[in-house]
Every structure is written in C-alpha cells, then in structure tokens.
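Some notes on the structure that comes next.
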Amino acid sequence: MGSLILGPFGNAVSMRKAYGEALVELGRARSEVVVLSADVSNSDFSYMFEAAFPDRFFNVGIAEPALVDVAVGLAKSGRVPIANTFAFLFATRAVEMVRTHLCYGEANVKLAGAYAGLSDSFDGPTHHSITDIAIMRSQPRMTIVVPADPLAVYRLLPQVAAWKGPVYLRLCRNEVPQIYSREYEPVIGKGVTLMDGEDVTVISCGVPVGRSIQAVERLAENGVHARLVEMHTIKPLDGELVGRCARETGAVVTVEEHSIIGGLGGAVAEYLSGDHPVPMERVGIPDTFAESGPYLELLDKYGISVDAITDAVQRVLARKSGECVQPVYRKI
Amino acid sequence: MSGSARPVPSPRVYPYGTAHTPEMAFDLSRRAYEYRIQVLRMVYGRKSGHIGGAFSIAEILTALYFHQLRLDPGNPTWEDRDRLIFSKGHACAMLYTILAHRGFFPIDELPTFRGLNSRLQGHPEPQKTPGVEVPAGPLGHGVAIGAGMALGARMDGSRRKVYVVLGDGELNAGVIWEGAMVAAKFGLDNLKVIVDYNGVQQTGLTAKVMPTEPIAEKWASFNWHVMEIHGHNMAEILNALDRADEIHARPVVIVARTTKGKGVSFMENESLWHGNIPTDDQFQAALAELQNGVKQWEV
C-alpha cells in the first residue's frame, strides 16, 4: 500500500484552477453540460468554461435561489447543469430550492460549492462553510463528493456529471498539496484505503487527508499502525468499508474540515452505532464559528492540526484498551 | 347525493391554433364549472385541501390544457411538449382534476387526493403524477424554473413554450423577481407567465398583507411584456394566450384579475376559503351554486 500517495507531497497547486480546467475538459466531452454562476465565476474559476463555451454558460447574477431554480429548469430540459457559487450559499440561502427540486423533485443538477470549509479564510466566518455537509447530507437522494487534491478534482468531476441525480461537490479555494499519485482512481461511493494498519482507522476527506497522512506517518514512528481511509463520498457512505475497518482495527477517528456535528464524523458514527460500535473520535471544527486568518493556521487553531489527529488516535487507543478517556473537544 | 353526479368528462380538445368561437368559449367555461364541482368533492371528501385558489384558476387552466398547450397525455414526457409549471401548488386539486379529464390518469383516481398510497400528493410531485412537471408548494419557484426550461428549449432549437401559473401571494417571494430578471436578461419570449391575481392570500387581502400594486408596472419595469385581463372571461383568456405568442425578445406576463373562491358566493374573496373545509350544509350550498354555474354556460 502507499503507492497512491506521493512521497513527498507534490507542490501546492490551486484546486479552483484544477476545477476550471476539469470543467472545460468535461464541457468538451459532454455537450449537454451547461454551467451556471451567481456572479462569482472569477472566484471559482468557472470563468474558464465561460471562455470556452460562452453559449453554455449563464450568469444569473447574485441570486442563489434563482441559480438553483434556473438550473432545475435546464435539468428538466435534458441538460446537465453545474451550478456554481460559494458553498455556504448553497447550504443556506438556496437550500429550500435544493431540497424541493433537486432532492424531492429529482432534478439532475450538480452543485459545485466553492470556497468550502475554512478555505476562504481571510473573508471570515460569514464566508466559511462548516455546516454544509450536515445540511446537504440530511436531504434524501443527495450525493456528496469531497475531493482531497487537484488530481481528485480531475478524476471525480466527470463522475459527478455522469452520476444520476443531484450531487453536491465540495471544493477548496486554495493552493493545496498534491497528495495523490497517478494510480489514484476514485469511484463515487467507494472509500479508498490509502495506508494499511491494524491498530486504528483514520477516515478523512478533503484537504485534511494530507494532514491525516502526516499524522499516520508520525504515529507509525511511535509504533502505532493506523489504517488511513479516504472517504471522498460522504453520501452514500461506503458503510461496508467503515464497518470492516471498525471490526478489523477496533477504533476509528474521523478527520474533516467541517463542524464535528453532522459531517463525515456524524455519518461514520451513525453508521457504526447500528453496525459495530467502537471507540471513536471526530476531529473537526468544534461547535463554533472560526475567524479571519491564514488558511493553514486557521486549520491548526480550529481543531484540524496534525497534533489534534494524533491526540485523538491516542485517546481512542486508550479507550480501546479499556481505559476511561473523555473525548476532548478543544475549546477555542 | 341525487342531482350531484360526477361531472361528465368531455374529451374534446380544441388544438392549438383552433379559431376561437363563442361555442368553444361557452364549452370551456362550462367545463371550468364542472371542474370546480370536482374540486369541491375532492376537498370535502378528504376534509383537506385548498378550494379558493383552485376556483380562481379554473378558466385559465381549462383554456391552457384544452386549447393552448401542445401535449400528449399518452406520452407525458414527450420531449417537445409545452411545459406548464403550476407554481401555486396548493391549488393542485384543480390541476389534478384537469389533468385527469385531459387523459393523463383515470378520473376515478381523483377521490384518492391526499390519501395514503395515492399518486395525488397534497402538493404536486412529478414522479407520482403524470403531467406534473416539477414539485410545487413552497411558493416562488415558477419563474426561475420556467426561465431555465425556456433556455433549454431555446438551446434545443425547439418551438416548445413554457407556461408558468403563479398566485398573487407568491409575488411576495424574492425569488420570483430574481427569476423575472433572469428571463428578461436572456430575452426569453418562449416563457409565458400567468398571474392568478385574485387579491386574497392566506390571512387576508394581498393589499393588506403585502401590497403588490401597481403589479403591471412592476413587471413592465423588469422588462417584461405585460397584459392584463379578466381571468374568468374565457374569450379574453384565449385571446391573451394568442397575443402572448406574438411577442418577440421579451418574456410575457398575463396579469389575470380573478376572484378567489369564484363560483360560490360565500367563498368569494374570503381568505377563510384559502384552506377551509366545507361543512355538510356548506357543501350542499356550494354544489347548488356551482351546478347553476354549469347551467349558465349550457347552450
């Protein structure tokens, strides 16, 4: 194992630029793909699609409910619309449209949520998106995909477009390390075992996958053999893999750039509670709003540092061995 | 229940382009009253549903489904069909009644409205009910979704048109005006919106709850072509739908002045009858009035 991971990581490259390029490639491959924007196309890089296919790009203005509803109309006319705006706006302002027409009405619309998590770091908590997975995940029929690096965006976007039904694609704003080798071939709905181990399983998604790799390597230096699973699809969750990891390693830690309420950690905890409960911790943003600041430092301060991951692993290992250890959700 | 037999379905459709005659207008007007009777039975039978807004839209929906829309009830997903988005979803008892009489599903199914295992949900659900295009109920979606459908038709090079039926209370919602701007920006002349302007919403007069006048000027200032008509006058409805097809490069809105609860004197213009359920006596009284309404159009 381990061949899926670049060692060392590649240079940090822009995930939104990767998205823009992948979108253009998708547009070339599939003429029914259309792209909509709520006037942030130079932020999320969907402007690259507009430049390549101006007749298939629609800027509806700063109007997220209309963004989703116009996409619904196009989907009902046989197009595959990819709607673009900031992640938090899909999950807050436009969520009634998402529920009623994408989920209940089964409109085949894809939502590309830009600037997710803390990645629009300097713009502050109004622009952070730390509850979007919880909100989207609770909607029946929704599929949620979270790429971890630029290559993952290239590999997953065509699958998102081909997926039958609504998809929420959660994207990072920033330059992020390239963590995957060319052998990485994700499939929606299937988790990827990146590193094997038998003591504990770390399950992660998105940009924190890189930090999880570092944490698992550090644990190995201390004799802890952690398994690392990348769960790029939060819904439908690969429950078979989650259950198997719980059985085989007896402890689970989830790591995500999202509130500890209702995200990947929530999904895994819900699954295991009905399958094979084991000591578990959720690494993520405590139940709080963050603040403005540099991205990587925000991740560190708001619960998603490499130390936070290794500490959580130590706690579940202690509980696994019978000790009584309270979970620690860091107070900010 | 003697004297209250089911309305007899008239299979007659006046295809798009049929010249309007007084007989055609009379026939469609008569049917609108028959459909009101059906809606009354459905809501009274199930003790659930919305009568007032269903009655105000009767003539307009009848004109659309039995004349204006190019549809194939045997093939409800025919790609080049005209689309109708019934945005005021709470009034769906009338939509279901008209879809059934148009042949989309058996008329016998109408009494299952709002019951367990029914295809006729409390508010429209496209996967369950043939002829329903999109869900509705949460108000305000129609214009923006219609704009998307109209864009799709244009991209396909199709002559199909998109009709949207709005309530007037719905005009309170911001997304209506977001959609209106999108449709105007893209010059969607294949999009035709009809506002069932009955002047009454759930808790009172629209003029009091949330004043929307001057409504024609509002739409005009959003760069729409605006027409105003009497929404229970079949000849005016038919003519307006024809005129709407003559407008180029701009979306069209027909503001139809209607009466909430139209056809039953004690229901008319009363917000109570947005969602009230008739008692036995009220049912009989309403039925008698609507049967008179049918008779007035019999030639």
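The values are calculated or read from the model by the stated rules, or taken from the named source; none is laboratory data. Values in this document were obtained by computation on a predicted structure and should not be read as measured data. No Cβ is skipped: glycine too gets one built from the backbone with ideal geometry, and neighbour counts run over all protein chains shown.
Values for this structure:
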{"read-out": "Residue that is nearest to the chain's Cα centre (by Cα), among those in region B:112-157 that are small (G, A, S) and more than 9 Å from every other protein chain (Cβ to nearest Cβ)", "value": "B:G131"}
{"read-out": "Residues that are surrounded by fewer than 21 Cβ atoms within 10 Å (Cβ to Cβ) and under 19 Å from A:P327 (Cβ atoms), drawn from region A:219-245", "value": "A:V224"}
{"read-out": "Only one of A:L151, A:L111 that is more than 14 Å from chain B (Cβ to nearest Cβ), of a type in the set (A, V, I, L, M, F, W, C), in contact with a strand residue (DSSP E or B) (Cβ under 7 Å, 6 or more places away or on another chain) and in a helix (DSSP H, G or I)", "value": "A:L151"}
{"read-out": "Options A:V68, A:V72; residue that is touching a residue at least 40 places away in the same chain (Cβ under 8 Å) and either in a helix (DSSP H, G or I) or not hydroxyl-bearing (S, T, Y) (or both)", "value": "A:V68"}
{"read-out": "Residues of region B:146-175 that turn out to be out of contact with any helix residue (DSSP H, G or I) (no Cβ under 6 Å at 6 or more places or on another chain), in a helix (DSSP H, G or I) and over 18 Å from A:P65 (Cβ atoms), as a count", "value": "4"}
{"read-out": "Qualifying positions in region B:57-78 - out of contact with any helix residue (DSSP H, G or I) (no Cβ under 8 Å at 6 or more places or on another chain) and in contact (Cβ under 8 Å) with a residue 24 or more places away in the chain", "value": "B:L69, B:R70, B:G74, B:P76"}
{"read-out": "Condition check for A:V72: at pLDDT 95 or above and either in contact with a strand residue (DSSP E or B) (Cβ under 7 Å, 6 or more places away or on another chain) or away from every other protein chain (no Cβ under 14 Å) (or both)", "value": "no"}
{"read-out": "Filter result (of a type outside the set (D, E, K, R) and touching an Asp or Glu at 6+ places or on another chain (Cβ under 6 Å)) within region A:74-112", "value": "A:V80, A:N84, A:T85, A:A87, A:L89, A:A91, A:A94, A:M97"}
{"read-out": "Subset of region A:9-64 [within 13 Å of chain B (Cβ to nearest Cβ), in a helix (DSSP H, G or I) and buried (at least 16 other Cβ atoms within 10 Å of the Cβ)]", "value": "A:R56, A:E64"}
{"read-out": "Every residue from region B:66-97 that is surrounded by fewer than 24 Cβ atoms within 10 Å (Cβ to Cβ) and either hydrophobic (A, V, I, L, M, F, W, C) or under 10 Å from the mean Cα position of the chain (by Cα) (or both)", "value": "B:F66, B:L69, B:L71, B:W78"}
{"read-out": "Residue match in region B:269-289 (condition: under 14 Å from B:H232 (Cα atoms) and either charged (D, E, K, R) or in contact with a helix residue (DSSP H, G or I) (Cβ under 6 Å, 6 or more places away or on another chain) (or both))", "value": "no"}
{"read-out": "Pick from region A:123-167, criterion within 17 Å of A:A107 (Cα to Cα) and basic (K, R), ranking: farthest from the chain's Cα centre (by Cα)", "value": "A:K164"}
{"read-out": "Hits in region A:75-99 - residues which are among the polar types (S, T, N, Q), more than 20 Å from B:L151 (Cβ to Cβ) and within 10 Å of another protein chain (Cβ to nearest Cβ)", "value": "none"}
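So that you can scan it fast, the table gives a plain yes or no per residue for (1) outside any helix (DSSP H, G or I); (2) more than 21 Å from A:A114 (Cα to Cα); (3) out of contact with any Leu (no Cβ under 7 Å at 6 or more places or on another chain); (4) not small (G, A, S):
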site: A:S212; (1), (2), (3), (4): no, yes, no, no
site: A:V253; (1), (2), (3), (4): yes, yes, yes, yes
site: A:E256; (1), (2), (3), (4): yes, no, no, yes
site: A:D275; (1), (2), (3), (4): yes, yes, yes, yes
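Residue-wise test of (1) surrounded by fewer than 24 Cβ atoms within 10 Å (Cβ to Cβ); (2) touching a His at 6+ places or on another chain (Cβ under 9 Å).
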site: A:R247; (1), (2): yes, yes
site: A:V252; (1), (2): no, no
site: A:A269; (1), (2): yes, no
site: A:E281; (1), (2): no, no
site: A:D287; (1), (2): yes, no
site: A:L296; (1), (2): yes, no
